[in-house]
Each structure stands twice: as structure tokens, then as C-alpha cells.
1. Between Glu62 and Arg319, how high is the FRET efficiency from 1/(1 + (r/R0)^6) when r is the Cβ-Cβ distance and R₀ = 56 Å? Nearest 0.05.
2. Taking other Cβ within 10 Å of each residue's Cβ, how do Phe517, Phe37 sort, fewest first?
3. Placing +1 at every Lys and Arg Cβ and -1 at every Asp and Glu Cβ, with all other atoms neutral, what dipole size does the chain have around its Cα centre, in debye to the nearest 20?
4. If you add up the charges near Tyr596, with Lys and Arg at +1 and Asp and Glu at -1, over every other residue whose beta carbon is less than 10 angstrom from its beta carbon, what do you get?
5. For Met351, which sequence-distant residues (separation of 5 or more, or a different chain) have an amide H within less than 5 Å of its own amide H, given hydrogens modelled in the peptide plane?
6. Given Ala486, Phe509, Gly430, which one lies farthest toward the positive end of the charge dipole of the stretch 420-515, if we put +1 on the Cβ of every Lys and Arg and -1 on the Cβ of every Asp and Glu?
7. The list [x] 77, 56, 42; [y] 82, 70, 58; [z] 80, 67, 51 gives values of Cα extents along the principal axes in Å, and only one came from this structure; which label was calculated from it?
8. Using the scaling law 2.2 N^0.38 Å as the reference, what is the normalised Cα Rg of the stretch 532-651?
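Bear in mind that the values in this text are calculations on the coordinates, not laboratory data. Please read all numbers here as calculations on a predicted model, not as lab measurements. Ideal geometry is used to build each Cβ from the backbone, glycine not excepted, and the neighbour counts take in all protein chains shown.
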Amino acid sequence: MFHQVQKRIAASVSAYLQARYGVEGGAALESPKEPRFGELSLVSAFQLARQFRKAPRQIAAEIAAEMPVPEDVASLEIAGGGFLNLRLDRGRYGAALLAGPAAGAAGADREKIIVEHTNINPNKAAHIGHLRNAVLGDTFARMLAAAGRRVETQNYIDNTGVQVADVVAGFHRLERKTPADVARLIADPTVRFDYLCWDLYARVSAHYQGNPEALAWRQEALHAIEAGQGEMAEMAHLVADAIVNCHLRTMLRLGVEYDVLPRESEILHLHFWAAAFELLKQRQAIYFEREGKNAGCWVMPASAFSAAEGEDADKVIVRSNGTVTYVGKDIAYQLWKFGLLGKDFHYRPWMRYPSGRELWVTADQPCGQAAPSFGHGARVYNVIDSRQSYLQDVVAAGLRALGYPEQAERSIHFSYEIVALSPRTCVELGIPISEEDRQRPHVEVSGRKGLGVKADDLIDKLIEKAREEVDSRHREAPGEERRQVAGEIAVGALRYFMLKYTRNAVIAFDLQEALSFEGETGPYVQYAAVRARNILRKLEERGERLPDFSRELDAAAMGRQLAAEDFWQIVLAVSKAGDAVERAIASGEPSHVARYAFQLAQGFNKFYHEYPVLQEADRERRVFLLWLTDYFRRELEQTLAILGIAVPAYM
């Protein structure tokens, strides 16, 4: 609400400044440092003073005397050396909150924003690091949707890459299994196929270290997969699809859904890469190296991008054996996202989520069913960890070299840092660590060190710990209900922990801290929402219903109640959800919304303790307190929904 009011005021002031002073660029509005100075402060006088060679306070006086007062403003006053402080009309503001939000714009005519996230190699179970990627990407997409943007969520499946090839080599060479054998393993309900592949991948990696000549297995598998022919290609298809299903189930436990799964196999089979390759050669964005260590390769020169420390000066796009590197295929994929390739995938439905949302996957043949229009984004966010910054720079350089500087600018690397574990969480998860590691602030997860943490294992552990707390508080509740509540608390704890830090911060995940009901945690915010619901539930238990707020609280009544500064500051803070979301989008930091949710919960808990709502005797005040309680509840629930966090039935 506050965000919309601020935009209306800015538009009104900007129109006046344009007409009076001939300046463009909009009104310069800020939030005053202290509430006693009002809700907004116009600082344009300081900017105009330099242009017109007048004192800022003199220009502020002109504005105050001549400018029509915007309809949302009750008064304005000059302060300091030229500030113009604006005080909102509290009754009007309260009445607008009672009326509810205005309908948003229709989605069809808005530009599309693509958010690509998760992107786990389909060769083994998801791990804890993948959870940060998925939670960040999913929350950012939810933020965009909440702000009225049109969003498409993609999960790129690298089903022809080295990691899948290694698992196929393991099944084919170490296990001596056929595609039929692998299919039986996938169908066996007693086999955790993604966990089985986790172990097999580790075995293959260890085998390569002891037997370097066995790396030829990888090349054999890669060629078969890229050609799409033979038993190894068939096995790769089985493995990748089965693991993707495992990943989708894992992510759905966290409420993460997608619109489409673009697959690398179709990028190859539908000749996306071939088209991009020809474009790159025609524009001389890449060249064929005839000597040195990159002899026989197609490379992009270092002059096209900023090479990272420790990286080769030139980037290989096509290897000397004819296989395409990840970054080459990603250039083709990025061109498709913007609708610049002149090609499109075929699509087929993959599954329908319990929510009703349909997930599609790319295909190399038509399926006979009409699919939505995918791709053709105006802006693309690629959620990929910070270690991939160099490769993302190369992809953007490819777009620039092809003559698409605007799209290169709109290709945004939504980077983030790694997830580590606190020493005590390592102990709780049964991970052996040294005495030296026990003294560290965090222990970095590393498969090579035996510290790989599967995502499902972590979620299971969180649910187990949450269930202990729920059981101790609500033994009388049905078991299935307690299980659901524990799951919602666990997911809320995990998602909030992943979101409360800025993206460039290394996270040391701690089970106890995440599940705490006190402090800046998901359960703390959930508990505030449950408390708000409980007040309204107790009202119903007394045989009463919520009043008709719009009938009993008109603008005059709202003005009387909001004349109390405590109530006004509470309402003002609660109504800034849209402002928090817009700031989070502009900065690319979902942590702003997490922080707002925590502050909202703090505000409600203070309100809860200071105002016994159901005991209030004065009718107007009681109705107002009930409205404020319900308003808190709705904003808490909506903000938690943006964070992907449910409100449990109880805590």
C-alpha cells in the first residue's frame, strides 16, 4: 500500500516540477530518518538549487506555496535547509487499506521475465548447496509475481554432460549393467535410485583417479550420448529422466515448482548449437586454433570478456574432439531465451503439480498437444553460484559478439555463495569431523572430504527435530496432523535460513538456529502468524464473527484511531510489504523480504502483548483492533507465501 501511495505522490510532484521548473527525472522522495518528520521527504529543492542558483530553502518555500497538495497528503512543511516533509492523510490511508489492493494489470501485455534456477546435473541426489539455489530462485520468482511481473521459471537439465556420462560409464563398465537392468533398478520401490547413483558416481571418480586411462570411458559415453544412439545413449536417457524425477520430488518438498525443463539433449538434437555455432563463426566471435594447447579447438578470444584469475586466456567453445563445452551450449540456450535463435523446441507435458500447475519438458518431436509459449524473455536471471561468474561472462560476451548488447546487459547472473555447515550440525548429521574442524565457525561441504549432505537427508533431519518439539507441545493432536505441522515448520526453517543472508554471504547452516522459535528464524515468523490466527479463532469460539470493517470503520473512524501515534506507526510498517518486495527486486536481494517478515513478526508480537484485543470494551476501538489483527495476519501470510513458507495450524 505504502509503495502505491508513494508512486502516486511522486507522479503528482513530478508533474508539478516539470510544469514549474521544466525539469525531468521525477521527484526525489526519501523516507525521513525520524517518524516525527512525517512519512516522506521531498529533497528536490537541493537539486534545483544548483540549477537555478537559489537557496534550497527558498525553492522549498516556492514549492510549498504553489504546488497543489497531492490527494494522499494531509500537510507539508519546510524543514532544515530545504527539506519538504510530507505527512499522509491518515484517515484516507486507513480507508484505502480497508478497501484492499487495486487489481493488477493483465499479464498478457507485460514483458516476460525468465528466472532459471536449480539446474542440478541429473546424475545423483541433490545436495545442500542445490537447496540454496532453488530457494533463492523460487523466492525471486515469487517476488516478481507478487509485484505483478510476468514470470517464467525454467530448470535447465544438462542430460548430455560429463556427470551423466560418468554414471553411465559406471553402470556400463563397472557394474556391467544393460539399459534393462538400469530400468529395473529405477522401477524398484526399495531402491533410492538417486542415492544409488550418488555412490556410483563417487566410485567412478575414485576409479578415474587410480586408473587415468579409464577416462576414455567418459569420452566414449559422451560421444554416444551426443549422437543419441546405442545402449549408452539409452541408458543416459533412463538415468537422467529418473534422477530429474527424484530432484523434482525433493524440490516439491520445499514448495518449489517450475514451468518448463529445457534439456540439453534437444539443444543438440534440434541443432540449436549448430545454429549458434554458425552465427559465432560468421561474426568471427570465435576462431579455430591451429597450434598450442588449444590446437584443433574453436575458442573465444580473451579480449571478448574478462578472464577469471587462474582461467585460460582464451575460452574453448568446441573441443578438438568435436564435443561442445558447457558454455557453448549455454550461449545457444541464452539466445533461445531471448527469442534470438530463430528456432524453438517441441514440448510435451512432464507432470501436473498438486497445485494444478503443469510442468512441460522440451522434446525433439511434436507431441500433438498445444503447449504454452516459452522463452522470448525481455530479461533473464540465471541463478548460478558465484564460482560460475567467469562462464556467465563468456555467455554474455557471446551475445555481445553476435550483435546483441542489450540482451547481454539483460542477462543477469544471479550469483550466490556456498553453503557450509556449523560443526555441531555436522555432529547431528553424523558427519565425522576433526578436532580442528570442531573449532571452526563452519565446515565446508565437500564430496572429496566425505562431507556431502544430501538434500533429502537434511530435510528429513529438520522434520525429525521439529516433530520432537511439536509432539512435546501437542500430544493430543492426531499423528498425521502433527507430521504435517512438523513438515511445515521444518521447511519454513530451512527456507528462511537460506534467505535471510545476502547472496554474497557464505552460509553456515545450523539446525538448532534454523529451528529456534526465537530470533530471526522462520519458526519465529510462523509463530506470529499462528498467534494472529488464534485471536480470530478465539473470537469464533465465543460465538462472534469478525465485524464488517468497511461498514463500521469509515475514513473518519480510521482517522480517529490512527491519530494515536503507536497505531499509525504500526499500520505504516505493516503496509510496506510492497515497498520491501520492490526494493528486493531492484537490488536482487530476497533477504530484504525475509528481513521485512521478521520485522513484521516483531511488530505483531509487541502489539499482541500490549493490546488485549478481545478484552477491549470500546466498540470502535475493539473493531479497529480486530481489523489490525486481521491485517497483520493477512500481511504475515502473504509475506510468508512470497518466501515459500506455509503457516502451520499450530506451533
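1. After rounding, the FRET efficiency stands at 0.25.
2. Ranked by crowding around the Cβ, least crowded first: Phe517, Phe37.
3. Using Cβ point charges on Lys, Arg, Asp and Glu, the chain gives about 840 debye.
4. With Lys, Arg at +1 and Asp, Glu at -1, the net is +1.
5. When sequence neighbours closer than 5 places are left aside, the close amide H contacts are Leu359.
6. Sorting the options by dipole projection puts first Phe509.
7. [y]
8. Ratio of Cα Rg to 2.2 N^0.38 Å: 1.12.
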